[in-house]
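Structure first, then comments.
Bear in mind that the values in this text are calculations on the coordinates, not laboratory data. Bear in mind that the values here come from a model prediction, so they are computed numbers and not experimental data. FYI the Cβ positions are ideal-geometry reconstructions off the backbone, even for glycines, and counts take in every protein chain you see.
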Amino acid sequence: MNTFRKGAAHVEVWRDLRELSTRAAELFVGLARASVQTHDAFTVALSGGSTPQALYELLATKPMAERIPWPQTHVFWSDERCVPPDHRQSNYRLAYEALLARVPVPVEQIHRMHGEDEPQAAAAAYSSVLEKHLSVTGERLYLSLLGMGDDGHTASLFPHSPVLDDTKHLVAAPYVEKLKAYRLTLTLRALNRAAHTIFLVSGEAKATALRAVLESEDDPHAWPARLVQPDEGGELIWLVDEEAARLLSF
Ligand code: 6PG
């Protein structure tokens, strides 16, 4: 495994998705236990997309599942599609089927975004959920898991979206022209408050965006994942595989 720093980011290059998912699972376990040690609670925002599925499945199986303090865990999402929870595109459904249905996290501590509701109302409601439940870990997420699209988007923060400059809200409901759809997403204000942020990036298709995010001087609004710069001493880790790291200079 190669490891190096890019600004505030600690970058680890693993051979493939399986290796980086195992590493992510080990970090998840360690952070969950550390959070409970300090706060008697663990708050984590899950990412959508396909990359984290292997991680979620690892967390749901022995030995990882038994080492995570599920009864003290609160689960959130970094973003959601504007679809019902049983829709095949639902980020909640992906995480529920791969992980949450298989571990003893209290159902009242699974805080899904209501993609089935009117987007602006759902965003406002989720802001209230965050404000209510993040108090257990110091008004911030203890862990934020994120992915990155091949256009450099993260969560549902897409290139040149006005929501990139929203410093007022914790959750927004941007219309994504590229997708011709609304999305629910944590804003950078919420994401950059996380105590620990872990990106999972796999595959050759992400190589150009990863170089732009980690190494270029381009306008960060063109590569939104670059705008994830945790404040208040937040830790930023990029777990990437060799294919995604192909264009990096390290
Ligand atoms: C979503 C995700 C999104 C995702 C990236 C990468 O709702 O789609 O939150 O930000 O992390 O698009 O997706 P893949 O892991 O499928 O490449």
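Table for the structure above
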| quantity | calculated |
| --- | --- |
| Segment 97-121 versus segment 137-208: alpha-carbon centroid distance in Å | 18 Å |
| Pairs of Cα atoms farther than 15 Å apart, segment 3-65, % | 61 percent |
| Kyte-Doolittle mean at least -1.0 and Cα axial length at least 30 Å: DSSP H helices in the chain | 17-39 |
| Rounded, prolate or oblate (a/c below 1.5 giving rounded, otherwise prolate when a/b exceeds b/c) for segment 130-246 by Cα gyration tensor | oblate |
| Residue-count net charge about residue 159 - beta-carbon cut-off 14 Å; Lys, Arg +1, Asp, Glu -1 | -3 |
| Net dipole in debye of segment 94-250 [+1 Lys, Arg Cβ; -1 Asp, Glu Cβ; about Cα centre; nearest 20] | 300 debye |
| Net charge, residue 203 excluded, C-beta distance under 15 Å - Lys, Arg +1, Asp, Glu -1 | -3 |
| Hits among lysines - C-alpha to C-alpha of residue 178 under 28 Å, sequence gap 8 or more where chains match | 168, 206 |
| Amide proton proximity set for residue 181, modelled H, under 5 Å, gap of 5+ | 176 |
| Cα-based radius of gyration of the chain once divided by 2.2 N^0.38 Å, which approximates compact folds | 0.93 |
| Cα pair distances exceeding 16 angstrom across segment 145-188, given as percent | 29 percent |
| Charge sum, other residues only, whose C-beta stays under 13 Å from residue 224's C-beta, Lys/Arg counted +1 and Asp/Glu -1 | -4 |
| Approximate spin-label separation residue 22-residue 107, in nm, with each point projected 7 Å along Cα-to-Cβ | 3.6 nm |
| Of the trypsin sites (Lys or Arg not before Pro) in segment 1-57, those whose Cβ has at most 13 other Cβ within 10 Å and which sit in DSSP loop | 15 |
| Label zone at residue 219 (point 7 Å along Cα-to-Cβ), backbone N below 19 Å, segment 135-161 | 151-154, 157-161 |
| Placed amide H near residue 45: partners under 5 Å, 5+ positions off or other chain | 76, 143, 144, 145 |
| Within the chain, percent of DSSP bridges classed antiparallel, to nearest 5 | 35 percent |
| Amide H within-cut-off set for residue 199, under 5 Å, with H built and near neighbours excluded | 146, 237, 238, 239 |
| Within segment 112-204, percent of DSSP bridges classed antiparallel, to nearest 5 | 55 percent |
